[in-house]
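Notes follow the structure.
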Amino acid sequence: MSKTIAERIRAARQTNVSIPHKLGEITLSCHRPTDLEMAESGGKMAQRDILIKFVDGWSGVTELHLVPGGTTDPVPFSSEVFAEWVSDNTDAWGPICNAVVDGYTRHQASLEETAKN
């Protein structure tokens, strides 16, 4: 089944970011802000908003990654669980924020390049 146009637009905003973890890297799926989100924020977003709002998936995450003494069972992504985990994992903040901001910067550069042509 092919993706709808809306799904293709959302997919174009997606990027993956590797986060260091003592058990090995985990991969998070992030998306860049839309132009509307940036306009509504006045071009500035709080770090908390970037961390919580723009991460929408992960792969290879087990309970042990999230909870000391947890199991090796995979954990499906949950925004609530992610928000709790990232709040105490400062090593993840920089890579996530950089991926989101860089995604928007690349988007803006692409728009500017298109306008020149």
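Bear in mind that the values in this text are calculations on the coordinates, not laboratory data. Remember, it's a predicted structure, so these values are computed and weren't measured experimentally. Here the Cβ positions follow ideal geometry from the backbone for every residue, glycine too, while neighbour counts run over all protein chains shown.
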**OP:** Using a 10 angstrom cutoff on alpha carbons, build the Gaussian network for the chain and name the most mobile of Pro20, Pro33, Pro68.
**Re:** Pro68
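Helix-only estimate, please: 222 nm mean residue ellipticity of the chain, summing -39500 (n - 2.57) across DSSP H runs of length 4 or more and dividing by its residues, to the nearest 500. Spell out each step's value before the answer.
On the way: 6 runs with 61 residues, N = 117.
One gets -15500 deg cm²/dmol as the mean residue ellipticity at 222 nm.
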Original post:
Residue by residue through the range 51-64, which ³J(HN,Hα) values in whole Hz follow from phi under the Karplus form 6.51 cos²θ - 1.76 cosθ + 1.60 (θ = phi - 60°), with glycine and proline marked x?
Top reply: 5, 8, 7, 10, 9, 9, x, 8, 9, x, 8, 10, 4, 5
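Taking the number of other C-beta atoms within 10 Å as the exposure measure, put Val17, Val67 in order starting with the fewest.
Numbers: Val17 20, Val67 13.
In order of increasing Cβ crowding within 10 Å: Val67, Val17.
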Subject >> Packing-based exposure ordering (other Cβ within 10 Å, fewest first) of Ser78, Ser2 >> reply: Ser2, Ser78
Subject >> Residue of Ser29, Ser79, Ser41 that the Gaussian network model of the chain assigns the largest fluctuation, springs spanning Cα pairs under 10 Å >> reply: Ser41
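Would you order Phe77, Phe82 from fewest to most other beta-carbon atoms within 10 Å of each residue's own beta-carbon? Don't skip to the answer; put the middle values down first.
Values: Phe77 14, Phe82 21.
Fewest to most other Cβ atoms nearby, the residues stand as Phe77, Phe82.
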Original post:
Around Ile26, which amide H atoms from residues at least 5 apart in sequence, or from another chain, sit under 5 Å from its own amide H, with H modelled in the peptide plane?
Top reply: Ile19, His21
Subject >> Given (i) 6.7; (ii) 9.1; (iii) 10.5, the label whose value is mean projected area of the Cα convex hull in nm² derived from this model >> reply: (ii)
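Taking the Cβ of Met38 as the centre, find all other residues whose Cβ is under 13 Å away and add up their charges (Lys, Arg: +1; Asp, Glu: -1). Provide the component values of the computation, followed by the final result.
Details: positive: Arg13, Arg32, Lys44, Lys53; negative: Asp35, Glu37, Glu40, Asp49.
Cβ neighbours under 13 Å give a net charge of 0.
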Subject >> Vicinal HN-Hα couplings computed from phi for the range 38-48 (Karplus, 6.51 cos²θ - 1.76 cosθ + 1.60; Hz; Gly/Pro x) >> reply: 5, 5, 5, 8, x, x, 10, 10, 5, 4, 4
**OP:** Give me the net charge of Ile9's neighbourhood, meaning all other residues with Cβ under 13 Å from the Cβ of Ile9; Lys, Arg count +1, Asp, Glu -1.
**Re:** +3
Subject >> Placed amide H near Gly57: partners under 5 Å, 5+ positions off or other chain >> reply: Ser29
